[in-house]
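This report refers to the structure that appears directly beneath it.
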Amino acid sequence: MSVQSSVVSSKAVSSRPDFAVLGGGLCGRLLAWRLAGEGHSVALYERGDAAGSGAAAWVAAAMLAPLAEAASAELLITELGAESLDAWPKLLAQLPEPVYFQRNGTLVVWHHSDRAEASLFERRVRANAPAPLFDGGFLTLSGAQVDEAEPALGGRFHQGLLLPREGQLDNRQVLSALAAGLSERGVATHWNTSVDERALPDARITIDCRGLGAKPVLPALRGIRGEVARIHAPGIGLSRPVRLLHPRYPLYIAPKQNDIYVIGATEIEGEDMSPVSVRSALELLSAAFSVHPGFGEARILELNSQCRPTLPDHRPAITWDGATTLSVNGLYRHGYMIVPEVSACAARLAGALLEARIADADAFAEWRANDRWAPMLHQRSVAGPFGGSNASERTMPRAEA
Ligand SMILES: Cc1cc2nc3c(=O)[nH]c(=O)nc-3n(C[C@H](O)[C@H](O)[C@H](O)COP(=O)(O)OP(=O)(O)OC[C@H]3O[C@@H](n4cnc5c(N)ncnc54)[C@H](O)[C@@H]3O)c2cc1C
């Protein structure tokens with residue numbers, strides 16, 4: 001039996017639910033909550049606890065920075081991020097717990113010796129971002145303007161960039177508020193319950209949001225390790241995320257409530273979930289210290305590592321197996337930034353499958369052609385971001401009801 005130690009913590013599903021969502025990290029939690037809000041019966045199975053501490057989402061800095069990310073991400077991601085940024089406040093307003101959300105921009109700075117990084121950054125962002133997002137969304141600041149924007153940095157930087165429309169939120173508050181929202185909407189939540197593909201829970205449609213846990217069915221999926229420090233630094237008072245451009249140690253400092261800062265993040269190929277290395281801790285904390293010496297007196301609350309679930313093309317993918325299973329994965333380093341649009345797109349497709357409006361490849365192709373986010377939609381029999389290997393094209397057998 002592969003469904004273990006199930007704890008049903010809210011309204012039990014008395015009969016076969018419309019949807020079983022596997023994985024209650026960021027994406028699964030939001031998707032289950034959305035589907036329940038549309039009136040569907042939903043069961044959610046999460047290997048970890050209700051807080052979400054087993055998810056990449058628990059460790060993330062949760063910056064919502066489509067323009068800053070355009071320095072290394074393609075147009076699809078930037079557009080998903082921009083739409084999602086507008087969607088977040090509407091989603092948060094429907095949740096039963098408050099979530100810290102800020103749209104005060106991103107400040108980008110660099111030390112004088114690294115000034116070549118600034119023009120490289122601007123060239124990359126300009127190339128990958130749509131003009132309407134860039135225009136008015138990307139401002140060059142003099143040293144005095146940097147000081148005005150972030151008085152805490154007074155006199156430290158000769159130049160900077162302000163990306164005024166960007167945002168961030170508190171990741172752990174989102175996970176908690178979504179858990180409360182699931183309960184409010186009557187989702188049958190099975191925390192501490194691991195599900196594997198050999199024996200799926202009974203449901204009309206299964207949606208696999210297990211992040212890296214979906215590797216047995218998505219062998220092309222890989223983890224990219226990220227390490228962050230959570231520190232308490234009273235008296236500094238940064239008011240928005242600050243990114244430090246550096247050829248070797250690029251860094252962000254994301255201020256949360258109550259003088260908490262998330263400092264990150266390394267990006268290391270490999271599914272290594274071991275604790276943060278000494279080298280990474282030194283690099284992250286030294287870089288923060290170089291932005292503001294006050295960080296030298298901060299207290300380290302946590303050093304965390306996790307792996308970002310990543311597909312070969314670094315894009316998110318919503319994949320239909322041709323029968324009753326959808327997979328939503330590959331959110332990589334952009335989960336918070338893009339999940340409102342990714343989950344909305346997945347919910348639309350899931351609803352169409354449930355109502356049998358999509359029953360074959362032709363119907364799927366027509367659906368895909370009409371969806372704004374078509375590049376994210378795949379059918380597993382068609383070669384896609386999973387590499388087309390036999391193993392990756394396995395469908396998931398359903399357990400005996
Ligand atoms: C260091 C770091 C910093 C980041 N910073 C940002 C940022 O600033 N902005 C941003 O947008 N994104 C950021 N991200 C990325 C973001 O966290 C991920 O993109 C996002 O969490 C992916 O969501 P997910 O739901 O697919 O996976 P996860 O959040 O990992 O959730 C998957 C869930 O599936 C569960 N699961 C796995 N296997 C099973 C199983 N067999 N049965 C049941 N449940 C299972 C896991 O326990 C987990 O809870 C960061 C990530 C890291 C690691």
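Comparing Ser277, Ala229, Pro241 along the charge dipole axis of the range 201-295, the residue lying farthest to the positive side is Pro241, per the Cβ-charge model. With distances taken between every two different alpha-carbon atoms, the range 114-169 has a Kirkwood hydrodynamic radius of 12.3 Å. Ordering 96-105, 36-45, 347-356 by mean Cβ neighbour count within 10 Å, with the highest value first, yields 36-45, 347-356, 96-105. Using only Cα atoms, locate the centre of the range 359-378 and the centre of the range 108-170, then give the distance between them in Å, rounded to an integer. When both Cα centres are located, 38 Å separates them. Stretching the chain fully between Ser119 and Val278 yields a gain of 54.1 nm (0.36 nm per residue, less the alpha carbon separation).
Selection among Ala199, Thr324, Ala65 by position relative to the dipole of the chain gives Ala199 as farthest towards the positive end (Cβ unit charges, Cα centre). In the chain, the longest principal axis of the Cα atoms and the axis of helix 115-128 are about 30 degrees apart.
Computed about the Cα centre, the dipole magnitude for the range 230-294 is approximately 320 debye when only Lys and Arg (+1) and Asp and Glu (-1) carry charge, each at its Cβ. Each of the peptides 136-145, 249-258 was scored by the mean count of other Cβ atoms within 10 Å over its residues; in descending order, highest first, they stand as 249-258, 136-145. Helix 26-37 and the longest principal axis of the Cα set of the chain meet at an angle near 50°.
State to the nearest 20 debye the size of the charge dipole of the range 85-209 about its Cα centre, where the only charges are +1 on K and R beta carbons and -1 on D and E beta carbons.
The dipole of the range 85-209 has a size of about 180 debye.
Over the range 293-383, Cα pairs under 8 Å with separation of 6+ residues give a relative contact order of 31 percent. Taking N as the residue count of the range 183-227, its C-alpha radius of gyration divided by 2.2 N^0.38 Å amounts to 1.43.
Taking neighbour Cβ counts within 10 Å as the exposure measure, how do Met337, Met63, Met376 sort from fewest upward?
Details: Met337 31, Met63 27, Met376 24.
Placing the least packed residue first, the sequence is Met376, Met63, Met337.
Which whole-number percentage describes the relative contact order of the chain, with Cα contacts under 8 Å and a sequence gap of 6 or more? Here the relative contact order equals 23 percent. Put simply, the convex hull of the Cα atoms in the chain casts, on average, a shadow of 19.0 nm².
Could you tell me which of rounded, prolate or oblate describes the range 16-156, using a ≥ b ≥ c as the square roots of the eigenvalues of the alpha-carbon gyration tensor, with rounded for a/c under 1.5 and, failing that, prolate when a/b is larger than b/c and oblate otherwise? Prolate. Placing unit charges on the Cβ atoms of the charged side chains and taking the dipole of the chain about its Cα centre, the candidate lying farthest along the positive direction among Cys345, Thr106, Gln306 is Gln306. Net charge dipole, the chain: roughly 220 debye, given to the nearest 20, about the Cα centre with Cβ charges of +1 for Lys and Arg and -1 for Asp and Glu. If both residues of a DSSP beta bridge must be in the chain, then about 65% of such bridges are antiparallel. Rounded to the nearest 500, the helix-only mean residue ellipticity at 222 nm of the chain stands at -9000 deg cm²/dmol, with each DSSP H run of n ≥ 4 adding -39,500 (n - 2.57).
FYI, it's all coordinate maths here, none of it is from the lab. Note that this is a predicted model, so its numbers are computed, not measured. All Cβ positions, even for glycine, are placed from backbone atoms using ideal geometry, and neighbour counts span all protein chains on display.
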